[in-house]
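Here's the structure, in structure tokens; my notes come after.
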Amino acid sequence: MRFPELQIKAVLEKTGFWSLFATLFLLSFPRSWSLYTLGSMLFTGLLIWVIDFANIFRQLLKVRYIVLPAVVYFIIHLISILHQNAGLPLLENRLMFLLIPILGFPIFRSRHAGEKVSSLFYGYVAGITGISIFLLIRIAWLIWSDFPGGVSFFSWLNQDELSYLSIGFSVLENPSYLAMKINWVLILLLFSGRLPALRSGLVFVITLFLSAALLFAASKAGLTIWFIVILAFLIINLGKIIRNKILYCGVIVLFILAAITMSMRIQRVNDFILTTKSRIGNENFQWKNLDQRTRVWYSAIQIIKMKPVFGTGLSKAEESLVDEYIKNGFNDEAELRLNSHNQFLEAQMTFGIAGTISLITMLSIPFFMRRRTYFPGLTKFFILLFSFQLVFESMLNRQWGIMFFLLFYFILSITFLPSDTVPSIAPVPSSGQDQRQIFL
């Protein structure tokens, strides 16, 4: 490349990187905001492809095993649409499986991104923390304005749950998505060791705010992950502060009791646990009638049994589920036209064996090859976190789940390249600098 082209490429790489930074910062803000910055990043990536096609293509071929699974997942969607002569607009959300891996590759792979990768984590943490504080201030103002006094606070709060909890709290996105993003922030804060500028006191305060936001989001899956993350952190790190084993165990037990007590104060969580216990104890219990989610799982499984090899196809998946709901008398689910709320069932139901293999491959490659990255611990926990969420939500059906997954998928896999081309990464803080770094 000539010198002017090298200069232009360097400017484009910086522009693309800061567009990526802005996208991560805005990930939970009003929907369109992060799409503009993502578009800027992808456009700069396209320009880099034009300027330095041969070099970028050679680099991509070296890591085709990390790039291709997402592209293949998109191709399966495309083949399904073409085979059924369905409308291409059905692919609008899934287009990210093609655009982010291909057009975003020069940005993820750039030396600038490698040297400043921690800045991406800072941007993401700042964005999610900021939006969580905004939502907490908003809901606190509503509660302050509406609370009549003279009654039990939690009893009053649960009387109009949807105004203050769950979708009443998370007004910018689905509560399950917000909860997942908050839990990923907590993992970055408490375990990564890649955010040394955030001192322990500030991390503690941020953790309190994020935990409060999770409580109001009232996502059962989100609260479960939060409990595991905080409990793991306490078990691993509390012994460094508290040497007395009895006191150490007492604090752990106290946290468990406090977490369970606060969660049970949320009516939807309490009702779920009590209803589950009651129905399981019934001698005529059928697992499909446990709750709404098990009913949609059951319906998806019935469709899979009928079409196990090739699935329904993308254009017919929704109608097939609605028909199955009606057949089983699940009228509420049919009226709401719910998807399967499980990405693994969704992939098998829609695309058959090819869909399941493609999805599992996309999740497995970074997990089992994580030792080749500078972020083996983060990669492992990111895949575990997202896979757990996929059991309860079809997150790869929605643009926001796809964007979150693919951006961190490639950020964490940025060093899946031979060591002679790996960009330099800022050194991990020593244990004396930051005790939070425990598994990188």
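The values are calculated or read from the model by the stated rules, or taken from the named source; none is laboratory data. Since this is a predicted model, take the numbers as computed values, not measurements. Note that we place each Cβ from the backbone using ideal geometry, even for glycine, and neighbour counts take in every protein chain shown.
Out of all the residues in segment 262-306, which are under 26 Å from Asn158 (Cβ atoms) and in a loop (DSSP other than H, G, I, E, B)?
Filtering segment 262-306 down to residues under 26 Å from Asn158 (Cβ atoms) leaves 262-282, 289-296.
Within segment 262-306, Arg265, Ile266, Asn282, Leu290, Asp291 meet the criteria.
Exactly one condition in (1) within 23 Å of Arg31 (Cα to Cα); (2) of a type in the set (Lys, Arg); (3) part of a loop (DSSP other than H, G, I, E, B) is false for Lys181; which is it?
The one condition Lys181 does not meet is (3).
Would you check if there is a residue in segment 200-207 being out of contact with any Gly (no Cβ under 7 Å at 6 or more places or on another chain), over 17 Å from Asn237 (Cβ atoms) and touching a residue at least 40 places away in the same chain (Cβ under 8 Å)?
no
Which of the residues belonging to segment 1-51 are outside any helix (DSSP H, G or I) and surrounded by fewer than 19 Cβ atoms within 10 Å (Cβ to Cβ)? Let's see the steps before the verdict.
Of the residues in segment 1-51, the ones outside any helix (DSSP H, G or I) are 1-2, 26-30.
Met1, Arg2, Phe29, Pro30, listed by residue number.
Is there a residue being acidic (Asp, Glu) and in a helix (DSSP H, G or I) anywhere in segment 334-353? Talk me through it step by step, then tell me what you get.
Initially, segment 334-353 is screened for residues acidic (Asp, Glu), giving 335, 346.
Subset that is in a helix (DSSP H, G or I): 335, 346.
Yes: one or more hits.
In segment 143-158, how many residues are surrounded by 14 or more Cβ atoms within 10 Å (Cβ to Cβ) and at pLDDT 90 or above?
Selection size over segment 143-158: 1.
From (1) within 30 Å of Leu82 (Cα to Cα); (2) part of a helix (DSSP H, G or I); (3) among the aromatic types (Phe, Trp, Tyr), pick out the condition that doesn't hold for Phe310.
(2)
Answer with yes or no whether Lys327 is at negative phi, surrounded by 15 or more Cβ atoms within 10 Å (Cβ to Cβ) and in a helix (DSSP H, G or I). Don't jump to the end; show me each part of the working.
Working: at negative phi: yes; surrounded by 15 or more Cβ atoms within 10 Å (Cβ to Cβ): no; in a helix (DSSP H, G or I): yes.
No: the conditions fail for Lys327.
Out of the helices (runs of 4 or more DSSP H) lying entirely within segment 57-125, which hold 2 or more residues that are touching a Cys at 6+ places or on another chain (Cβ under 6 Å)?
Working: elements: 64-83, 96-103, 105-109, 111-115.
Qualifying helices (runs of 4 or more DSSP H): none found.
What number goes with the only condition from (1) touching a helix residue (DSSP H, G or I) at 6+ places or on another chain (Cβ under 6 Å); (2) at pLDDT below 95; (3) closer than 24 Å to Ile365 by Cα that Val63 does not pass?
Tallying (1) touching a helix residue (DSSP H, G or I) at 6+ places or on another chain (Cβ under 6 Å); (2) at pLDDT below 95; (3) closer than 24 Å to Ile365 by Cα, Val63 fails exactly one: (1).
Check Gly168 against each of (1) surrounded by fewer than 20 Cβ atoms within 10 Å (Cβ to Cβ); (2) within 26 Å of Leu215 (Cα to Cα); (3) touching a residue at least 24 places away in the same chain (Cβ under 8 Å); (4) out of contact with any helix residue (DSSP H, G or I) (no Cβ under 7 Å at 6 or more places or on another chain) and name the one condition it does not meet.
Result: Gly168 passes all but (4).
Output the number of residues of segment 238-250 satisfying the condition of being surrounded by 14 or more Cβ atoms within 10 Å (Cβ to Cβ) and either touching a residue at least 60 places away in the same chain (Cβ under 8 Å) or part of a helix (DSSP H, G or I) (or both). Working first, answer last.
As a first pass, look at segment 238-250 and keep what is surrounded by 14 or more Cβ atoms within 10 Å (Cβ to Cβ): 238, 242, 248.
The next check asks that each one be either touching a residue at least 60 places away in the same chain (Cβ under 8 Å) or part of a helix (DSSP H, G or I) (or both); those that pass are 238, 248.
Counting residues in segment 238-250 that are surrounded by 14 or more Cβ atoms within 10 Å (Cβ to Cβ) and either touching a residue at least 60 places away in the same chain (Cβ under 8 Å) or part of a helix (DSSP H, G or I) (or both) gives 2.
Residues are listed down the side, and each one gets a yes or a no for (1) closer than 25 Å to Ile167 by Cβ; (2) among the hydrophobic types (A, V, I, L, M, F, W, C):
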| position | (1), (2) |
| --- | --- |
| Thr276 | yes, no |
| Lys307 | no, no |
| Arg337 | yes, no |
| His341 | yes, no |
| Ile357 | no, yes |
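Out of the residues in segment 186-212 that are of a type outside the set (Lys, Arg) and part of a loop (DSSP other than H, G, I, E, B), state the one that is nearest to Phe382 (Cα to Cα).
Across segment 186-212, the extreme among qualifying residues is Gly193.
Under 8 Å between Cβ atoms, at least 6 apart or on separate chains: pull out the pairs that start in segment 255-279 with a residue that is free of Cβ contacts under 8 Å to residues at least 24 places away in the same chain and closer than 16 Å to Ser211 by Cα and end on any residue that is in a helix (DSSP H, G or I) and not polar (S, T, N, Q).
Pairs found: Met264/Ile273.
Identify, from the list Ile301, Ile228, the residue that is at pLDDT 95 or above, out of contact with any Cys (no Cβ under 6 Å at 6 or more places or on another chain), surrounded by 12 or more Cβ atoms within 10 Å (Cβ to Cβ) and over 23 Å from Leu186 (Cα atoms). Before you say what the answer is, go through the steps one by one.
On the way: Ile228 fails: over 23 Å from Leu186 (Cα atoms).
Sole residue among the options that is at pLDDT 95 or above, out of contact with any Cys (no Cβ under 6 Å at 6 or more places or on another chain), surrounded by 12 or more Cβ atoms within 10 Å (Cβ to Cβ) and over 23 Å from Leu186 (Cα atoms): Ile301.
Identify all residues within segment 340-365 that are hydrophobic (A, V, I, L, M, F, W, C), more than 17 Å from Leu385 (Cβ to Cβ) and under 21 Å from the mean Cα position of the chain (by Cα); write none if there are none.
Of the residues in segment 340-365, the ones hydrophobic (A, V, I, L, M, F, W, C) are 344-345, 347, 349, 351, 353-354, 357, 359-360, 362-363, 365.
Pick out the ones that are also more than 17 Å from Leu385 (Cβ to Cβ) and you get 345, 347, 349, 351, 353-354, 357.
Of everything in segment 340-365, those that are hydrophobic (A, V, I, L, M, F, W, C), more than 17 Å from Leu385 (Cβ to Cβ) and under 21 Å from the mean Cα position of the chain (by Cα) turn out to be Leu345, Ala347, Ile357.
Report, ordered by the first and then the second residue, all pairs with beta carbons closer than 9 Å, sequence separation of six or more or different chains, a first member in segment 150-162 that is of a type in the set (Asp, Glu), and a second member that is surrounded by 11 or more Cβ atoms within 10 Å (Cβ to Cβ) and at pLDDT 80 or above.
These pairs meet every condition: Asp160/Asp146; Asp160/Gly168; Glu161/Gly168; Glu161/Ala218; Glu161/Ile266; Glu161/Gln267; Glu161/Arg268.
Going by the conditions given, is Trp33 under 16 Å from Lys181 (Cβ atoms) and out of contact with any helix residue (DSSP H, G or I) (no Cβ under 8 Å at 6 or more places or on another chain)?
Details: under 16 Å from Lys181 (Cβ atoms): yes; out of contact with any helix residue (DSSP H, G or I) (no Cβ under 8 Å at 6 or more places or on another chain): yes.
Answer is yes for this residue.
From Ser358, Ser364, grab the single residue that is within 26 Å of Arg64 (Cβ to Cβ), polar (S, T, N, Q) and surrounded by fewer than 17 Cβ atoms within 10 Å (Cβ to Cβ).
Working: Ser358 fails: surrounded by fewer than 17 Cβ atoms within 10 Å (Cβ to Cβ).
Going through Ser358, Ser364 in turn, just one is within 26 Å of Arg64 (Cβ to Cβ), polar (S, T, N, Q) and surrounded by fewer than 17 Cβ atoms within 10 Å (Cβ to Cβ): Ser364.
Evaluate segment 98-114: report whether one residue or more is within 25 Å of Gly16 (Cα to Cα), of a type in the set (Lys, Arg), in contact (Cβ under 8 Å) with a residue 12 or more places away in the chain and crowded, with 21+ Cβ neighbours inside 10 Å.
Start the filter on segment 98-114 by keeping residues that are within 25 Å of Gly16 (Cα to Cα), which leaves 98-114.
Then keep just the ones that are of a type in the set (Lys, Arg); that gives 109, 111.
Filter once more, keeping what is in contact (Cβ under 8 Å) with a residue 12 or more places away in the chain: 109, 111.
Checking which are crowded, with 21+ Cβ neighbours inside 10 Å leaves us with 109.
Yes, that holds for at least one residue.
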